[in-house]
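Before any comments, here is the structure.
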Amino acid sequence: MSTLTQAPVLVPPPGRVLPPRARTLRPAPAAAPPLKDSRTLAAWRATINRTALTRSGEPLSVVLYALTGPGGDPNTDLAAAQQYAAAHRLVAVDRIVDTLARDDQASTDQPELRRGYARALHLLGDPVSPVRGLVTISQTAVTRVGRLYEAQLDRYAALRVALFLVRAETEI
């Protein structure tokens, strides 16, 4: 039986703290790639949606999703999503609404923190679920943060499911 040897871990003696690296020796922070503009995002989403539609080969089953604030009425957004789905021959199989609490910035920015959106993602990722798309009023119903929206598009592309927006990508 062989034993694996590990390299010894160097630990400073008790009471001694290693000094921080000089600024000139610190690695440069990684530069984040620039955010995509709204036209590029819309084209990318259209490609993702075409892939989902061709994969299905039949009318796509979708979830209608609305995000509202405290005391808000999601019916207008759900009605617009329903009209969009009907016009594009999408089959709405569920309606999901998230109502944010007052001053709930974390859930506004991070869509996975919202129960309804997380449930929709679960349905989209479940291989036995008939749901293969989500219809919502705008990009801001997903998230207002550009990098997080791009990450969501990556997720939809990886799952090969669609994200339909009644209003295309905007800065609003």
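Give Arg95, Arg115, Arg119, Arg144 a once-over and let me know the one that is basic (Lys, Arg), in contact with a strand residue (DSSP E or B) (Cβ under 8 Å, 6 or more places away or on another chain), more than 10 Å from Val63 (Cβ to Cβ) and free of Cβ contacts under 8 Å to residues at least 60 places away in the same chain. If you could, list the steps in order and put the result at the bottom.
Working: Arg95 fails: more than 10 Å from Val63 (Cβ to Cβ); Arg119 fails: more than 10 Å from Val63 (Cβ to Cβ); Arg144 fails: in contact with a strand residue (DSSP E or B) (Cβ under 8 Å, 6 or more places away or on another chain).
Among Arg95, Arg115, Arg119, Arg144, only Arg115 is basic (Lys, Arg), in contact with a strand residue (DSSP E or B) (Cβ under 8 Å, 6 or more places away or on another chain), more than 10 Å from Val63 (Cβ to Cβ) and free of Cβ contacts under 8 Å to residues at least 60 places away in the same chain.
I'm checking my understanding of the structure. Among residues of region 114-172 that are touching a Pro at 6+ places or on another chain (Cβ under 7 Å) and of a type in the set (Val, Ile, Thr), which one is nearest to Pro74 (Cα to Cα)?
Among them, the one singled out is Val142.
Just one of (1) out of contact with any strand residue (DSSP E or B) (no Cβ under 9 Å at 6 or more places or on another chain); (2) modelled with pLDDT of 90 or more trips up Leu90, so point out which.
Leu90 satisfies every listed condition except (1).
For region 34-63, give me the residue count where each residue is surrounded by fewer than 13 Cβ atoms within 10 Å (Cβ to Cβ) and under 14 Å from Arg160 (Cβ atoms).
Within region 34-63, residues that are surrounded by fewer than 13 Cβ atoms within 10 Å (Cβ to Cβ) and under 14 Å from Arg160 (Cβ atoms) number 5.
What helices (runs of 4 or more DSSP H) lie completely within region 64-172 and have 3 or more residues being surrounded by fewer than 18 Cβ atoms within 10 Å (Cβ to Cβ)?
Details: elements: 75-87, 105-109, 115-125, 139-142, 146-159.
It comes to 75-87, 105-109, 115-125, 146-159.
The values are calculated or read from the model by the stated rules, or taken from the named source; none is laboratory data. What you are looking at is a predicted structure, and each value in this text was computed from that prediction instead of being measured. Cβ atoms come from the backbone with ideal geometry, glycine included; neighbour counts cover every protein chain shown.
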